[in-house]
Every structure is written in C-alpha cells, then in structure tokens.
Amino acid sequence: MESSEAKRIAATFLESHGKVLDNFKLKVADNYIEFRKCYYFDYKIVNLDGTTPEEPPLAAGARGVCVEKSSGVVSFITFGGYAVMRREEEEIWETFKLLTSFQKEKTHLPQLKARYNLTSPELLNLSKLLANVELHKNDIMNFVEKVVAAARQK
C-alpha cells in the first residue's frame, strides 16, 4: 500500500466520525510517518467547513490514526501507543544497523552475541547465513527471527 492510498483511507475514516464537539470535525494532517506495519497520520480539528479555527478547541485522547499496510484497517492511536510504535521502530533501525555492520565489517560481535544470546559457533553460523543476503529495513525483524533460528540449528 502506498502512502497516498493510506491517506485516503484515513481521511474517509475520520470523515465517517462526522461532527466532533459542537462545531468541529477531524481532518487528516498532511504529514505522515511510515512504520513497519502501518502508516501513521496526525489529524487536526477543523471547522465544519474545513477551515482552520482561529482558536482550536482543547481536546485530548488520540494523537492520530494508523492505517495497517496489509489490511487497510484504521485505528486511533493514543499518545502512549504512538510512543510504543516509535520505540519499536527505533529497535528495528538499531537491529538493521547492527546486522548490516556485522555483515559488511564483522563489527559488533559482542552486541550480537548478547542481544540474541548466541554462542560463538552460532555467531559463526549467523555470519555464514548473512554472507550473501541483501538486508531490507522493513523486513529485518522477520528476517532476524528466521536467521537466528537457523543459526542455532546448524
């Protein structure tokens, strides 16, 4: 799913909620963040005619919405839920950097051993499994689970 389709889905979802508060509705903001499994969109509170209010109402609760890439399902995301998603995304990025560094330069051996509780022979197997693989950030966590399991079986 492309971001433009996700934005259209998010906009339809927010429009379906109709009026919020007395004279306002929700609208998808222009910015978005692509996460591994979804697109996240902020929303903004606008007048019923779609214009930005001079003094927007003070409201709390959901921070924005997420559109799942695989299904198109939309859900509101709280501030806490957003923080969890960001931490997970940072973990994915750190794992990707760690493995690509290990793959290309054989650095970060102690970190890999500790993070995945690998023995030295398992680390050697991991190195062999990574030798001719092109790593992709969005697929890294599924890949890691499979490769670590395979390294332990050899």
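The values are calculated or read from the model by the stated rules, or taken from the named source; none is laboratory data. This one's a predicted model, so the numbers in the text were calculated from it and none came from an experiment. All Cβ positions, even for glycine, are placed from backbone atoms using ideal geometry, and neighbour counts span all protein chains on display.
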Selection from the stretch 1-44 of residues that are β-branched (Val, Ile, Thr) and within 20 Å of TYR82 (Cβ to Cβ): ILE9, VAL20, VAL28, ILE33
Considering only residues that are small (Gly, Ala, Ser), free of Cβ contacts under 8 Å to residues at least 40 places away in the same chain and either surrounded by 14 or more Cβ atoms within 10 Å (Cβ to Cβ) or at positive phi (or both), which ones fall in the stretch 4-28? ALA11, GLY18
Could you list, in sequence order, all residues of the stretch 49-74 that are β-branched (Val, Ile, Thr) and either modelled with pLDDT of 95 or more or under 16 Å from ALA10 (Cβ atoms) (or both)? VAL65, VAL67, VAL73, VAL74
Some residue of the stretch 134-148 being aromatic (Phe, Trp, Tyr), under 18 Å from the mean Cα position of the chain (by Cα) and not assigned by TED's automatic domain parsing to the domain that holds TYR40: yes
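Could you go through the stretch 26-46 and let me know if any residue there is β-branched (Val, Ile, Thr) and modelled with pLDDT of 95 or more.
No, the stretch 26-46 contains no residue that is β-branched (Val, Ile, Thr) and modelled with pLDDT of 95 or more.
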Tell me, yes or no, whether the stretch 36-48 has at least one residue that is closer than 29 Å to TRP93 by Cβ, basic (Lys, Arg) and under 15 Å from the mean Cα position of the chain (by Cα). yes
Hits in the stretch 34-69 - residues which are of a type in the set (Ser, Thr, Tyr) and either in contact with a strand residue (DSSP E or B) (Cβ under 9 Å, 6 or more places away or on another chain) or assigned by TED's automatic domain parsing to the domain that holds VAL144 (or both): TYR39, TYR40, TYR43, THR52
